[in-house]
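The values are calculated or read from the model by the stated rules, or taken from the named source; none is laboratory data. Computed from a predicted structure; not experimentally measured. Neighbour counts run over all protein chains shown; Cβ positions are idealised from the backbone, glycine included.
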Amino acid sequence: MMQRFFLYAAFFCAAVFLLLVLCFRHEQNIRADSPATQPKYLLRYRFQKGKVMRWNVLQSLKIRTSVSGVEEVVETTSRSTKVWTVISVDNEGTATFEYLVDDVNMRQFQTDKDGAKIAEYNSRKDKNIPGAFINLDGTIGVPLAHISIDVLGKTTKKPLRIYSGSTSTENRIVIPLPKEPVGIGDSWSEVMPVEIGLPNGTVKKINTRQEFTLFNIHSGIAVIKFTTRILTPLTPKEESQILDKFSSGNMELDLDAGHFIRQETTIDKRVVGFQGVGDNIHYLARLTECCCGLNSCELCPPKN
């Protein structure tokens, strides 16, 4: 009887030991099959005093409106070269740029009930500026603003003269970066207020939110996608006043250089009933901007 008890006890201990071994091996296999912890990246802007950056900017804008059955189309395309010259960098890494537009080549096509009109202007060839582009007068090849950007992308602008974009951001100069390191697929956002005028003379404040996602990292380049959402309920009339805010696209940040080398932004927004039943407006815009010398976009022309 006692021998049988010891035999059962030995068998039970062996079975328990075998079960523990199998569980340990199973846990090891799970750990081996689990993916490694995803790396995190600290995204920061870095600039050097005296550095000059030249950007090739390609823009297109087409606005088609139909009011009371009368259609009007305005289409503008442009290629320009903007220049950033870093004039100072403080101890916290905030850089201040001198901003100018070195040259511009624009074309505008407009058609309405009176027919078609075409205006063209190339600052490198033409002496006279057509009326359609008169806002460019005195703004080509001269400093336009001092722009400060900190390491997270907070931007302040001090215009040196009146020009298109002097009171608002003509393009997204840089996007805000997250305070903490992020991995691929992580997102962050920024709420941006916008004001529009109402027919009664008052101002309505609208909240927009830009959402950013680290989409990919390749060859030291961080690809960041972004989109804009309107948080405030709007009437069609109010929507038609902020069509340039419905943007989405992507930017490429050179992690070693510490600045963006390329951005693409698109807007494709249609509003129906913005003035009356059946009236509609279609706003279609595209911006491509990249550092001169990149093979992925047109090269900047040599400076005179």
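Flag: L253 does not match the condition of being within 19 Å of the chain's Cα centre (by Cα) and either more than 30 Å from K51 (Cβ to Cβ) or among the hydroxyl-bearing types (S, T, Y) (or both). The residue list K158, K82, K154 contains one member that is basic (K, R) and closer than 25 Å to Y41 by Cβ, which is K154.
Counting the residues of segment 184-220 that are more than 18 Å from L152 (Cβ to Cβ) and either of a type outside the set (S, T, N, Q) or not in a strand (DSSP E or B) (or both) gives 21. When each of F246, F212 is tested for being closer than 26 Å to L58 by Cβ and at pLDDT 95 or above, the lone residue that passes is F212. The set of residues in segment 39-61 being within 17 Å of the chain's Cα centre (by Cα) and of a type outside the set (A, V, I, L, M) consists of R44, Y45, W55, N56, Q59, S60. Please determine whether any residue of segment 75-85 is over 21 Å from T288 (Cα atoms) and in contact with a strand residue (DSSP E or B) (Cβ under 6 Å, 6 or more places away or on another chain). No, because not a single residue in segment 75-85 is over 21 Å from T288 (Cα atoms) and in contact with a strand residue (DSSP E or B) (Cβ under 6 Å, 6 or more places away or on another chain).
A single member of Q38, Q108 is closer than 30 Å to K179 by Cβ and in contact (Cβ under 8 Å) with a residue 24 or more places away in the chain, and it is Q38.
The set of residues in segment 72-105 being among the acidic types (D, E), within 30 Å of I261 (Cβ to Cβ) and touching a residue at least 12 places away in the same chain (Cβ under 8 Å) consists of E75, E92, E98, D102, D103.
The C-beta contact set for segment 193-210 (first residue among the basic types (K, R), second residue not in a strand (DSSP E or B), distance under 6 angstrom, 6+ apart or interchain) comprises K204/L198; R209/L231. The residue list F226, F246, F212, F260 contains one member that is among the aromatic types (F, W, Y) and farther than 26 Å from T76 by Cβ, which is F212.
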